[in-house]
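Chemist: Following this message is one structure expressed as structure tokens.
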Amino acid sequence: MYEHDTIAAIATPPGEGGVAIVRISGADAEAIAERIFIRSGKKSSALRSHTLYHGKIRDPRSQRLVDEVLLTVMRRPRSYTGENVVEIHGHGGAFISRQVLGLVLSQGARQAEPGEFTKRAFLNGRLDLTQAEAVLDLIRARTPKSAELALQQTRGELSNWVQELREELIQILVQVEAAIDFPEEDIELLRRPEMLLRISRLREKIHDILITYDWAKLFREGARVCICGRPNVGKSSLLNALLGAERVIVTPIAGTTRDVIEDSINLDGLPAVLWDTAGVRDSDDQVERLGVSLTREHIAKSDLVLVVLDGSEPLAVEDHKLLGEAAHRKALIAVNKSDLAQRFGAEDLTSFAGAAQVRSVSAKTGQGIAELKESLRNLLLVSKVDAPVVITNLRHRAALERAEASLSRASTSLAEKYAPEFVAVDLNDTRAALDEVTGMIGNSEILERIFAEFCIGK
Ligand code: GDP
């Protein structure tokens with residue numbers, strides 16, 4: 001799978017920009033650069049590593065000048081890929097950067113596949129798999145928090161944690177292996193309870209980390225909030241107030257927002273998608289019925305339901321119905337139109353609302369909107385646990401779940417006094433699952449899939 005040829009690609013995004021970077025990696029990177037680069041000023045000495053040189057790119061066949069550039073050589077192993085890397089920083093035009101790349105390719109480099117630079121960094125041991133994946137998360141991060149989490153992972157915090165766990169696991173495994181090798185030694189009475197305790201501690205650690213996935217996913221993908229309420233309570237107005245701009249057309253005719261409208265807001269670093277739905281009233285109108293089923297679908301998919309009530313009118317049957325549906329979910333109740341005379345208060349809702357928080361707001365005047373946003377954020381993040389690392393990647397979660405499951409089997413085998421061989425099999429499964437997280441044991445198909453998600457040039 002691992003090719004030792006020299007690869008090249010434009011590392012900057014397509015289109016016009018200040019600078020475009022052509023990146024070359026591999027054994028021939030420097031030789032290729034020397035054939036097309038005319039250095040300014042004195043040229044006697046060889047290029048120094050990690051130094052920026054000014055010069056021109058020239059086609060060695062036609063002697064035609066292609067671009068004026070800055071060029072740097074980063075010799076192995078102190079480079080991103082761990083190989084010799086050359087970067088040519090040229091003028092940021094799509095045509096001109098393609099010309100420079102074309103010249104590099106004509107001199108023997110191969111066009112890089114998506115993510116191939118990062119893949120080489122992994123294969124050369126510059127990054128482990130969690131770090132390589134974090135590079136992708138970092139590129140894709142849309143909020144400061146998701147960038148922070150990805151950056152933590154690029155520094156190897158997850159891998160370090162997995163390594164610590166692996167060390168502890170190996171210590172237990174050594175004892176089990178000893179029991180297999182020296183069956184006459186009576187490890188039975190002395191060690192079994194101790195091993196059980198150590199295994200259960202390991203399981204707890206893995207469990208704590210697994211919980212962080214849902215929490216981190218909110219930051220990465222955005223929390224989904226479904227705004228529900230009967231027509232005319234002010235859902236669209238509230239959505240606008242939350243967005244801080246007129247986005248949705250507000251109309252005084254009941255039942256006009258039939259499609260689900262989607263918009264995103266930033267809740268102090270937490271991205272949230274808001275769905276403004278049609279409500280859940282019983283209706284004979286087919287279009288409206290469609291809207292109602294869409295609402296139910298969105299309620300089911302959401303992380304939080306924001307029930308909107310009209311405080312200026314008595315509670316209607318539909319309101320009760322909605323409150324009933326929301327009672328089984330994470331929900332927040334906004335009593336809207338607080339600028340008008342109120343017909344009921346938060347205390348009237350306690351019997352329907354269960355544990356849901358109630359906030360009084362006015363979409364019209366903006367009263368209570370900031371507090372509503374704060375409550376939304378707090379409620380969405382309520383499951384945050386204090387764990388040493390946070391996992392954000394589905395692949396890591398799957399592997400850690402397998403690690404937890406095999407530890408649980410090991411516990412059972414030990415408790416049921418099975419032969420130590422069985423316990424060893426389970427513990428070795430755990431080790432394999434942990435090694436999968438960091439990529440210590442690689443499945444080439446998985447690797448191909450991970451790196452294919454990257455852009456070309458990374
Ligand atoms: P939706 O059908 O639930 O989306 O409700 P809309 O947002 O379309 O609002 C229905 C009507 O209520 C419109 O005439 C709004 O101007 C009005 N409205 C919405 N929020 C408030 C509020 O906080 N105070 C007052 N006085 N009127 C509001």
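The values are calculated or read from the model by the stated rules, or taken from the named source; none is laboratory data. Fair warning: this is a prediction, and the values are worked out from it, not measured in the lab. Using ideal geometry, Cβ is built from the backbone for each residue, glycine included, and neighbour counts are taken over all protein chains shown. These area figures cover heavy atoms from the full protein model, side chains too; ligands, DNA and RNA do not enter into them. Shrake-Rupley method; radii C 1.70, N 1.55, O 1.52, S 1.80 Å.
Chemist: What accessible area, in Å² to the nearest ten, does a 1.4 Å probe give for ARG198?
Modeler: The accessible area of ARG198 comes to roughly 50 Å².
Chemist: Report, to the nearest whole %, how much of the accessible area of the range 1-137 belongs to carbon and sulfur atoms, 1.4 Å probe, protein only. Intermediate values should be presented prior to the final figure.
Modeler: Details: 3430 of 6400 Å².
Result for the range 1-137: 54 percent of the exposed heavy-atom area is carbon or sulfur.
Chemist: Sorting PHE37, PHE95 by accessible area (1.4 Å probe), largest first, what list results?
Modeler: If we order PHE37, PHE95 from most to least accessible, we get PHE95, PHE37.
Chemist: If you count only protein heavy atoms with a 1.4 Å probe, what accessible area per residue comes out for the range 380-436, rounded to a whole Å²? Intermediate values should be presented prior to the final figure.
Modeler: On the way: 2590 Å² over 57 residues.
For the range 380-436, the per-residue accessible area is 45 Å².
Chemist: How much accessible area does THR143 have with a 1.4 Å probe, in Å² rounded to the nearest 10?
Modeler: Accessible surface of THR143 is approximately 10 Å².
Chemist: Also, quick follow-up: For the range 107-209, report the accessible area per residue in Å² (1.4 Å probe, heavy atoms, rounded to an integer).
Modeler: Numbers: 5190 Å² over 103 residues.
Here the per-residue accessible area is 50 Å².
Chemist: How much accessible area does TYR213 have with a 1.4 Å probe, in Å² rounded to the nearest 10?
Modeler: For TYR213, the solvent-accessible surface is approximately 10 Å².
Chemist: While we're here: Sorted from largest to smallest, which semi-axis lengths in Å does the alpha carbon gyration tensor of the range 307-458 give for its equivalent ellipsoid, taking the root of 5 times each eigenvalue? Working shown, then result.
Modeler: Numbers: eigenvalues 520, 107, 30 Å².
After scaling each eigenvalue by five and taking roots: 51, 23, 12 Å.
Chemist: Expressed as a whole percent, how much of the Cα-Cα distance distribution for the range 381-429 exceeds 15 Å?
Modeler: Working: 670 of 1176 pairs.
Taking all Cα-Cα pairs of the range 381-429, the fraction more than 15 Å apart is 57 percent.
Chemist: So what's the back-of-envelope 222 nm ellipticity for the chain, counting only DSSP H runs of four-plus at -39500 (n - 2.57) apiece and dividing by all residues, rounded to 500?
Modeler: After summing the helix terms and dividing by residue count, I get -15000 deg cm²/dmol.
Chemist: Okay, moving on. When DSSP beta bridges are limited to those with both residues in the chain, what percentage is antiparallel, rounded to the nearest 5?
Modeler: 60 percent
Chemist: Could you please report the charge total around SER97, scoring K, R as +1 and D, E as -1 over all other residues with beta-carbon less than 14 angstrom from its beta-carbon?
Modeler: For residues surrounding SER97, the net value is -2.
Chemist: Determine the per residue accessible area of the range 1-57 with all protein chains present and a 1.4 angstrom probe, expressed in square angstrom.
Modeler: 54 Å²
Chemist: Whose amide H sits under 5 Å from the amide H of ILE456, counting only residues 5 or more places off or on another chain, with H placed in the peptide plane?
Modeler: Counting only residues 5 or more places away or on other chains, the set is GLY115.
Chemist: Ok, one more. Are there any helices in the chain, counted as whole DSSP H runs, that stretch 24 Å or more along their axis by Cα and score at least -1.0 on average by Kyte-Doolittle, and if so which?
Modeler: Membrane-span-like by this criterion, though nothing is claimed about a membrane: 157-181, 187-221, 394-415, 420-438.
Chemist: What are the GluC sites (Glu not before Pro) within the range 142-247 that DSSP puts in a loop, where the Cβ has at most 14 other Cβ atoms within 10 Å?
Modeler: Of the GluC sites (Glu not before Pro), the ones in loops of the range 142-247 whose Cβ has at most 14 other Cβ atoms within 10 Å are GLU184, GLU185, GLU246.
Chemist: Tell me which lysines have Cα within less than 29 Å of LYS330's Cα, excluding those fewer than 8 residues away on the same chain?
Modeler: Here the lysines satisfying the reach criterion relative to LYS330 are LYS145, LYS205, LYS217, LYS235, LYS301, LYS321, LYS364, LYS373, LYS384.
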